[in-house]
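Okay, so here's the structure we're looking at.
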Amino acid sequence: MPLFSAHPPASGSAAPPLGVLLLEDEPVLREELLDFLDGLGYATEAVSSMAQFRQRFDPPRHRLAVIDL
C-alpha cells in the first residue's frame with residue numbers, strides 16, 4: 001500500500017485510517033478542510049497556530065501534515 005493515496009482504505013479494511021494534522025488559521029477554511037478530509041476517511045485533527053501544531057504533532061500518529069503557509 002502506498003504511503004499516501006487520494007483514496008484512503010475503506011472503513012471496513014484492517015488498516016487504520018491515515019492520521020492527518022491540519023494547520024489552518026482561518027476558522028471557516030479549517031472547518032471545510034477538516035470536513036473534507038474526514039469525509040475521505042482520514043483521521044484528521046485541526047489546529048490554528050504553529051504553537052498548537054508543535055504541541056500536537058505526533059509522528060507515529062500523524063503520517064501527514066497539511067499546513068497553510
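The values are calculated or read from the model by the stated rules, or taken from the named source; none is laboratory data. Quantities reported herein were computed from a predicted structural model and do not represent experimental measurements. Note: accessible area is taken over every heavy atom of the protein model, side chains too, but ligands, DNA and RNA are not part of it. Shrake-Rupley method; radii C 1.70, N 1.55, O 1.52, S 1.80 Å.
Observations
- The figure for Val28 is an accessible area of roughly 100 square angstrom, using a 1.4 Å probe on the protein chains alone.
- Relative pair counts by distance (%), Cα atoms of region 20-69, 5 Å bins: 5, 24, 34, 25, 11, 1
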